[in-house]
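For reference, the structure discussed in these notes is given below.
The values are calculated or read from the model by the stated rules, or taken from the named source; none is laboratory data. Model, not experiment: these values are computed from the prediction. Positions of Cβ are backbone-derived with ideal geometry, glycine not excepted, and every protein chain shown enters the neighbour counts. Surface areas here come from the heavy atoms of the whole protein model, side chains and all, with no ligands, DNA or RNA. Shrake-Rupley method; radii C 1.70, N 1.55, O 1.52, S 1.80 Å.
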Amino acid sequence: MLKLHNLSKYYRTDEVETVALNSVNIEIESGEFVAIMGPSGCGKSTLLNIIGMLDNPSSGEYVFMGEDVAGYSEAKLANIRKQNIGFIFQSFNLIDELTVAENIELALLYHNIPSKIRKERVAHVMDKVGIAHRAKHMPSQLSGGQQQRVAVARAVVGDQAMILADEPTGNLDSAHGQEVMEMLQSLNEEGTTIVMVTHSPSHADYARRTINLFDGHVVTENLRAAQ
Amino acid sequence: MYKNYLVTALRSFARHKLFSFINITGLAIGLAAFILILLFVRDQYNWDQNWHRSADTYKLETTLTYPDRDDRVSPGAVDPLKDLFLATYPEVEDITRYLSASMDLRLGDNLFREPAAFADPNIIDFFQFEFVEGNAEGALLNLNSIVITERLAAKLFPGESALGKVVTSTVRETQDYRIAGVIKDFSHNSHFSFEIIVPFSRDYFVGRRWFTEDWRFPLRRSYVRFKKGTDVAGVTAQLPALIEQHMPQETGGQETGRGRGMILNLIGLKDLHIYRMELTGDLATLQGFLVVGLLILVIAVVNFLNLSMARTSYRAREVALRKTVGASPRQVLVQFLTESVVLALVSLVIALALVELALPYYNDVLASVIEFDLFSNPLLLAGLTLLGIVVGLSAGSLHATYFAVLKPSSVLQGNGARDGGKQRFRTALVVGQFTIAIALMTTAYFVTKQTEYARTLNLGFDKENLVVLSGTNGQDSDAIKAKLLESPFILSVGRSSDVPTEGSEDRLQMRPVAGGDMAQLDGLPTGPDFFKVYNIPMLAGRPLDASVGVDNFRTRETREYREAVNIVINAAGARLLGFASPEAAIGQTIRTNLTSDFAFDATIVGVSADFHFDSARDVIRPGIYYLDEFRRSDMSIRIDAANIEAAQAAIGEAWQVFFPGQVMQTRSMAEMVERQYQGDARIGNLLTAFTVLAIIISCLGLFGMASFTVERRTKEIGIRKVLGARYGDISLLLLWQFSKPILVAVAAALPIALYISNEWLSGFAYRIELSPWPLLLISSAVLVIGWATVAGHAFKVARANPIRALRYE
């Protein structure tokens, strides 16, 4: 699916250069469920952003589905992103002005899909995550768990091959967290590649592989036998 | 896709009502102001555009030059030029001319004085005047036929057809004129002002001194139509040679003389009005207003830019999200530009309604007849729509670009976008806005002050209760005066060839006492009682006295100018001639040229105080006054202020005795003086009105910024309060934040405003002094308005419980 080779990311301010990622080498196969763990500030989110093409690496190679995308323009990246990658965030990031259905539909808007088909797919995915009865509600009228289910629906409605989840359970209580994890697991079983940043060891257990980051380095990679 | 943009945009507007309201209102007011000014400018540029082949038609105008006098510009041309043009230039297709004069029409017992064109019969075909009644064919072929306008037809024959009706008039002899046609009224933006077209006949003017067929009097308004594609500049270049070849150098008579020259101008019919405005300086004012309109629009657009930038954080998450799901930078750009264009178009619709509402008042102030023909004029509609789109694009450009290049990763993990240097830029925008507003306001202040000052200016004569009765030349002048003075309500009567505010056309040369070049003085033929009726005191010597023989320059008896005569000059004249004091001038005899052909010995018997004879804008010019019985057609009549109506009745009675069956023409001197200030007063009023709009829009923006800042600084203020800041400290903190940009704007506006005001004031001989104090006063006022605008927010947040503020994050 993707391969990072000697990939680094620095942030420069006037005086200091902060190294967020330092020569990271990671390979992720299609259909994997990978958890990324590490203390705050270790570069987890930066890594996820680079994998999601929301940020550019400072140096190194990023091969996504056979293409080296490291030097691509933003428009080109946007195009690859919308075809292949779905995102789930800790803070849900739903648009306050749009209803549940419209929020999910947003992910299809930039795909040149006719309105009717969009509506069908949105309805289908809402059923799948169990939020159909809330289709016309605004995000502010939903509980956190419900909001995250909408976010999951949005991430998968475009049939993305890979989902990047940045602490998807961080803002949820344990019951709702569990629910979201099960949803991700079943998506993975259907073939979706999932890369998830998490603080919770128990949620990391859902993944088949855990990458531990510390100060921008990959420290360990634990492989878990299939359950 | 666009539907989604629209839904998001609309819901976002609805959610941030204040922000949307300020943006739309500000833009609407700005657009309305700009459109109003644009309509006026368009109207001015639209004069005389639609005559038959306007583009090929030129007006022939004349400037007479003299070796020792100022040039004289005339809107006409001399008589022989028509034939000369037709014979010389094959590219001339046709020429038509008219002589502008008034005509008294008698209809039963009623008498009407109307402006008339004594025209070449081809004038109708030339301009293709549109006939409402009758037929253009042959309408002017008969000398007894006239064509009148619809307006005059309605006035003469209300409710019935004027065609074929007969009116009586005395042009040379009394005769009947049959109305052979009624043409459509000229639009307000046509330079034609006559109501009657009369076929020209030389017989009407035989023996009239001012009308001759030679090269002396450029009285014929002449229009030349060239063949399509003619190089008119080429023809113009040949005109000096034409004059050189044909103008007689030694023409007898007093008004011409050696070295007199003539410059001919061909002015395109379509450019005529703007050409005139350029001559009077009105064009600069017009352009100035266009700039003011643009500035107001800029202020409104800056508001929009500023508030949109301020609120980017509210929509950053949406943008970041759109980007993560695949929106390209271009798509984001398009989304936000579309949004601001939609907002601008909504504002435009409101602006159009505002324009429609304001137009009657606007026309009132401008004394104009501007129409807002939006729906009958697709070009205007298209133009304004384009304006709305351009305004929308520029208003949205900043935040749309900001969003297009926004990195989604920075937004999605954090709690919204960081401010990242935008604050300083926004402050700069506010400074720019207030600089414009304060500079406008200060300029408006000085324009208004100057107008007020000009009104209180001592004119040097008493303008109140003076009636000017024109057209009293002739041998009955003394008798009319005596008849008028029979009335106890008429206090005194003076005569002169022209009256104050009109200026004089005579220029006399006198040799200063110390020698050197000839000095030029404005000549005014008067009666002996001129100074008395205007209450102009003599500083030295005495006024002229008709009973003293040598005081009379020309009498009806002798008909000739005297070679030696007593005259009066004004104090400015005495200074110009080099006399140390008015007294020193008395008894001095100076060789004087009346024209380049006629010189005489002028002995100064009196020096009057200075008084304004031209516009009060100009400096008082040196003047020379002499008695001339042939040139004193204007009677200035001082009436009893307590019996104005009785006095006016007495004037009417006297008129009827001497001029039965003729229309009496009177004017009030106070009104004539007032009219001089109207133009400037109008500028002042308009500028003030537009300035108020500029301030309102700026304050709207400030209000929006304040509410935004308060929201953003809630947490900071909470912390400050927890640390012990008091209510007053917090309020001051916020007020100070908004005072800074205004104070910087004051500093920036000061030199700009003083420069512009000084430029404008330099057109006045008597002007107020510029000082920075009004600017500081205005700035304080703006500061107070600004405080009032933000105070509500400041107090609200200052009073709030800090715990709530801190929890808010």
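Structure data summary
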| item | result |
| --- | --- |
| Among (1) within 8 Å of another protein chain (Cβ to nearest Cβ); (2) in a loop (DSSP other than H, G, I, E, B); (3) within 20 Å of A:Thr169 (Cα to Cα) - the single one A:Gly158 does not satisfy | (3) |
| Residue that is in contact with a Phe, Trp or Tyr (Cβ under 6 Å, 6 or more places away or on another chain) and either acidic (Asp, Glu) or open to solvent by 40 Å² or more (accessible area, probe 1.4 Å) (or both), where the choices are B:Asn144, B:Asn135 | B:Asn144 |
| Qualifying residue in the range A:119-136 (condition: of a type outside the set (A, V, I, L, M, F, W, C) and either facing chain B (nearest Cβ under 10 Å) or within 23 Å of A:Leu48 (Cα to Cα) (or both)) | no |
| Segments classed as strands (runs of 3 or more DSSP E), wholly inside the range A:174-227, with at least 2 members that are under 21 Å from A:Gly86 (Cβ atoms) and open to solvent by less than 50 Å² (accessible area, probe 1.4 Å) | A:193-197, A:209-214 |
| Residues being open to solvent by 20 Å² or more (accessible area, probe 1.4 Å) and either under 12 Å from A:Ala101 (Cα atoms) or in contact (Cβ under 8 Å) with a residue 12 or more places away in the chain (or both) - total across the range A:136-155 | 9 |
| Search result, residues across the range B:563-585 that are assigned to a loop (DSSP other than H, G, I, E, B) and surrounded by fewer than 18 Cβ atoms within 10 Å (Cβ to Cβ) | B:Glu563, B:Gly578, B:Ala580, B:Ser581 |
| Single unsatisfied condition, A:Ala107 versus (1) surrounded by 21 or more Cβ atoms within 10 Å (Cβ to Cβ); (2) free of Cβ contacts under 8 Å to residues at least 40 places away in the same chain; (3) within 11 Å of another protein chain (Cβ to nearest Cβ); (4) not hydroxyl-bearing (Ser, Thr, Tyr) | (2) |
| Residues of the range A:116-130 classified as closer than 24 Å to B:Lys323 by Cβ and modelled with pLDDT under 90, total | 1 |
| Candidates B:Ser222, B:Ser193, filtered to the one that is among the small types (Gly, Ala, Ser), crowded, with 17+ Cβ neighbours inside 10 Å and more than 24 Å from B:Gly108 (Cβ to Cβ) | B:Ser222 |
| Any chance A:Tyr62 is touching a helix residue (DSSP H, G or I) at 6+ places or on another chain (Cβ under 8 Å), among the hydroxyl-bearing types (Ser, Thr, Tyr) and within 14 Å of another protein chain (Cβ to nearest Cβ) | no |
| Strands (runs of 3 or more DSSP E) (entirely within the range A:1-57) containing at least 1 residues that are surrounded by fewer than 15 Cβ atoms within 10 Å (Cβ to Cβ) | A:2-12, A:17-28 |
| Residue in the range B:159-169 that is surrounded by the most Cβ atoms within 10 Å (Cβ to Cβ), counting only those that are under 9 Å from B:Arg106 (Cα atoms) and among the hydroxyl-bearing types (Ser, Thr, Tyr) | B:Ser169 |
| Residue within the range B:203-214 that is hydroxyl-bearing (Ser, Thr, Tyr), farther than 26 Å from B:Arg106 by Cα and surrounded by fewer than 19 Cβ atoms within 10 Å (Cβ to Cβ) present | yes |
| Residue ranges of helices (runs of 4 or more DSSP H) in the range B:80-192 with at least 1 members over 24 Å from B:Leu272 (Cβ atoms) and touching a strand residue (DSSP E or B) at 6+ places or on another chain (Cβ under 8 Å) | B:150-156 |
| Single residue of the range B:617-648 satisfying the filter (hydrophobic (A, V, I, L, M, F, W, C) and farther than 21 Å from B:Met538 by Cα) that is surrounded by the fewest Cβ atoms within 10 Å (Cβ to Cβ) | B:Ala642 |
| Residues of the range B:336-371 that turn out to be of a type in the set (Phe, Trp, Tyr), closer than 19 Å to B:Phe40 by Cβ and surrounded by 16 or more Cβ atoms within 10 Å (Cβ to Cβ), as a count | 1 |
| B:Phe34 vs. criteria within 14 Å of chain A (Cβ to nearest Cβ), of a type in the set (Phe, Trp, Tyr) and touching a helix residue (DSSP H, G or I) at 6+ places or on another chain (Cβ under 9 Å) | no |
| Per-region count, the range B:750-794, residues part of a helix (DSSP H, G or I), open to solvent by 70 Å² or more (accessible area, probe 1.4 Å) and among the hydroxyl-bearing types (Ser, Thr, Tyr) | 1 |
| The range B:711-734 - residue that is surrounded by 20 or more Cβ atoms within 10 Å (Cβ to Cβ) and hydrophobic (A, V, I, L, M, F, W, C) and, of those, nearest to the chain's Cα centre (by Cα) | B:Leu734 |
| Where a residue in the range A:66-79 is within 9 Å of chain B (Cβ to nearest Cβ) and its partner, wherever it lies, is open to solvent by 60 Å² or more (accessible area, probe 1.4 Å), with Cβ under 7 Å and at least six apart | A:Ala75/B:Arg330 |
| Residue check, B:Gln676 open to solvent by 80 Å² or more (accessible area, probe 1.4 Å) and touching a residue at least 12 places away in the same chain (Cβ under 8 Å) | no |
| Helices (runs of 4 or more DSSP H) contained in the range B:269-369 and holding at least 3 residues within 14 Å of chain A (Cβ to nearest Cβ) and modelled with pLDDT of 85 or more | B:312-324, B:329-366 |
| Counted residues, the range A:81-98 - those being in contact with an Asp or Glu (Cβ under 9 Å, 6 or more places away or on another chain) and more than 9 Å from chain B (Cβ to nearest Cβ) | 1 |
| Among (1) away from chain B (no Cβ under 12 Å); (2) open to solvent by 20 Å² or more (accessible area, probe 1.4 Å) - the single one A:Ile113 does not satisfy | (1) |
| Residue match in the range B:113-122 (condition: surrounded by fewer than 17 Cβ atoms within 10 Å (Cβ to Cβ) and acidic (Asp, Glu)) | no |
| Within the range B:10-57, considering residues that are exposed (fewer than 15 other Cβ atoms within 10 Å of the Cβ) and of a type in the set (Gly, Ala, Ser), the one farthest from B:Ile124 (Cα to Cα) | B:Ala14 |
